[in-house]
Amino acid sequence: MTRYLIVGGGIVGLAVAHRLRLDRPGDQVTVLEKESGWAAHQTGHNSGVIHAGVYYRPGSLKATLCRAGSASMVRFCAEQGLPYATCGKLIVATEPAELPRLHELHQRAVANGLPVTLVDAAEAAAHEPHVAAVAALRVESTGIVDFAAVCRKLADLLADGGAELRLNTRVTGVHATGRQVRVTTDAGELTGDVLVNCAGLHADRVARLAGVDPPVRIVPFRGEYHELVPDRRDLVRGLIYPVPDPQFPFLGVHLTRMIDGSVHAGPNAVLATAREGYSWRRFSPRDVWEQASYPGLWALARRHHRYGWTEVARSLSRRRFAASLARLVPELTGADIVPAGSGVRAQAVRPDGSLVDDFLIVEADRQVHVLNAPSPAATSSFEIARHIVARLPEN
């Protein structure tokens with residue numbers, strides 16, 4: 001019997017545990033989560049989109065695992081009776097200058113084997129009557145779901161299947177001793193044979209605790225959301241995204257109809273002052289010092305400082321936030337949106353300031369560390385788990 005210790009109770013950690021129970025039912029699986037509930041951070045604060053895999057470099061882990069993961073996620077939800085919808089989305093060019101980028105995105109989507117269609121302004125309006133578009137890319141396989149509900153279901157299945165689930169258990173030390181891994185927590189010590197680090201916002205720290213020198217540093221970016229007031233939700237039928245600007249590292253604010261019928265707008269992307277910094281008021285001296293002393297952050301700031309200041313301005317001004325949305329749906333104004341919480345993206349940054357643009361999974365002796373798993377990790381979670389488990393040793 002092999003004993004697996006999984007650090008992190010977000011959707012990737014729980015999916016890894018689930019895959020282990022399916023593939024290696026005779027082994028022992030323990031999940032350690034420092035919070036009092038599952039999906040407390042990235043998983044529970046995202047936009048709930050089941051991504052198709054349009055944006056990612058063909059052949060990359062993101063491209064291959066997202067496409068397969070989208071189907072896996074839909075299949076799991078259907079089997080478990082969880083609400084979801086395959087509603088499709090529009091990626092919208094709002095001016096002629098964006099058309100070359102839209103066509104490049106279309107070519108990438110086709111290379112990734114996705115069912116996509118270029119549509120003109122009239123066809124775009126047939127899908128989204130209030131959208132402003134000179135052309136758009138229709139992505140049929142995009143969907144929506146509540147990923148926190150997926151995590152709750154996974155936790156129930158794991159508990160029923162004999163896995164050990166430990167909430168309120170913060171990892172404080174990891175020591176590899178021969179063929180075993182000893183994990184110290186604030187709730188006691190555990191010994192296992194294999195460690196899987198799915199700690200998200202703290203993944204690089206857990207790797208260092210385990211004696212692994214990670215090639216990246218996690219830098220937290222807060223994404224702030226607004227939502228449309230109820231009587232303006234009819235302006236958006238599904239999902240409306242801008243054409244991403246390749247000069248900038250994020251997708252830009254967009255409009256998403258959630259599984260509960262609400263319509264969220266966002267997120268923006270501002271550097272957070274804590275790894276769990278869900279507002280400007282949340283400040284961690286340790287986290288800020290780590291960021292300020294990391295050369296990669298300064299290199300990133302030099303490269304994208306104009307974009308960064310634009311995001312800060314949009315964070316501080318509802319008028320600016322609404323103006324960004326009005327590029328997609330001109331009828332939207334500041335009076336039509338209200339704040340709707342935020343999430344924090346755990347973005348891996350290299351020492352030269354470049355963002356890791358693919359999933360990053362580092363293997364060590366009897367250890368696996370998931371060091372970069374932002375979007376579309378939730379969509380891809382079942383396939384990330386399959387990818388990881390196939391590489392885990394057995395006694």
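Here's the list of lysines a cross-link from Lys62 could span, going by alpha-carbon distance under 20 Å and ignoring same-chain residues fewer than 8 apart: Lys89. For region 225-367, the Cβ-based charge dipole about the Cα centre amounts to some 460 debye (Lys, Arg positive; Asp, Glu negative; other atoms uncharged).
Across region 256-273, rounded Karplus estimates of 3J(HN,Hα) from the backbone phi angles (6.51 cos²θ - 1.76 cosθ + 1.60, θ = phi - 60°) give 9, 7, 7, 5, 8, x, 6, 10, 9, 10, x, x, 7, 8, 10, 4, 7, 8 Hz, Gly and Pro being marked x.
Over the chain, the reciprocal of the mean inverse Cα-Cα separation, the Kirkwood hydrodynamic radius, stands at 21.6 Å. Close amide H contacts of Glu227 (hydrogens built in the peptide plane, cut-off under 5 Å, sequence separation of 5 or more or a different chain): Ala265, Val338, Ala340. Dipole check for the chain: with +1 at the C-beta of Lys and Arg, -1 at the C-beta of Asp and Glu, and the Cα centre as origin, the magnitude is about 660 Debye.
The value of relative contact order for region 288-395, using C-alpha pairs under 8 Å at least six residues apart, is 22 percent.
Using helices alone, I'd like the mean residue ellipticity at 222 nm for the chain: each DSSP H run of four-plus residues gives -39500 (n - 2.57), total over residue count, nearest 500.
When only DSSP H runs of four or more count, the value is -10000 deg cm²/dmol.
By definition, a body whose alpha carbon gyration tensor gives a ≥ b ≥ c is oblate when a/c is 1.5 or more and a/b is not larger than b/c, and region 176-216 fits this oblate description. Dipole magnitude for region 132-195: about 160 debye, using +1 per Lys or Arg Cβ and -1 per Asp or Glu Cβ, origin at the Cα centre. Packing here is the average count of other Cβ atoms within 10 Å per residue, and on that basis the peptides 319-329, 289-299, highest first, run 319-329, 289-299.
In region 159-287, Rg over Rh equals 1.10, where Rg is the alpha-carbon radius of gyration and Rh the Kirkwood radius from pairwise Cα distances.
The peptide list 30-36, 311-317, put in order of mean Cβ contacts within 10 Å with the highest first, becomes 30-36, 311-317. Here region 272-395 is treated as a Stokes sphere of Kirkwood radius computed over C-alpha pairs; at 20 °C and 1.002 mPa s its diffusion coefficient rounds to 122 µm²/s. Across the options Met1, Ala63, Ile50, the greatest Cα extent toward the positive end of the charge dipole of region 1-92 (unit charges at beta carbon of Lys, Arg, Asp, Glu) belongs to Ala63. Using a cutoff of 8 angstrom between alpha carbon atoms and counting only pairs six or more residues apart, the relative contact order for region 167-325 works out to 16 percent. Taking all Cα pairs closer than 8 Å and separated by 6 or more residues, the relative contact order of the chain comes to 23 percent.
Since only Ala378, Val344, Val116 are under comparison, the one whose Cα sits farthest along the positive direction of the charge dipole of the chain, derived from C-beta charges on Lys, Arg, Asp and Glu, is Val344.
Which of rounded, prolate, oblate describes region 86-242, given a ≥ b ≥ c as roots of the alpha-carbon gyration tensor eigenvalues and a/c under 1.5 marking rounded, otherwise prolate only if a/b is larger than b/c?
Verdict is prolate for region 86-242.
In region 257-309, a dipole from Cβ-located charges (positive for Lys and Arg, negative for Asp and Glu) runs towards its positive end, and of Tyr307, Ser293, Thr273 it is Tyr307 whose Cα lies farthest in that direction.
Loop-only check: which trypsin sites (Lys or Arg not before Pro) in region 167-203 are DSSP coil with at most 12 other Cβ within 10 angstrom?
Arg179
Is region 83-177 best put as rounded, prolate or oblate by its Cα gyration tensor, with a ≥ b ≥ c the root eigenvalues, rounded for a/c under 1.5, and otherwise prolate when a/b is larger than b/c, oblate when not?
Verdict is prolate for region 83-177.
May I ask for the distance between the Cα centers of region 254-275 and region 1-73, given as a whole number of Å? What the calculation gives is 21 Å, centre to centre.
The numbers here are math on the coordinates, done by the rules we state, and not lab data. Just so we're clear, the structure is a prediction, and the values are computed from it rather than from any experiment. Glycine gets a Cβ as well: all are built from the backbone with ideal geometry, and neighbour counts include every protein chain shown.
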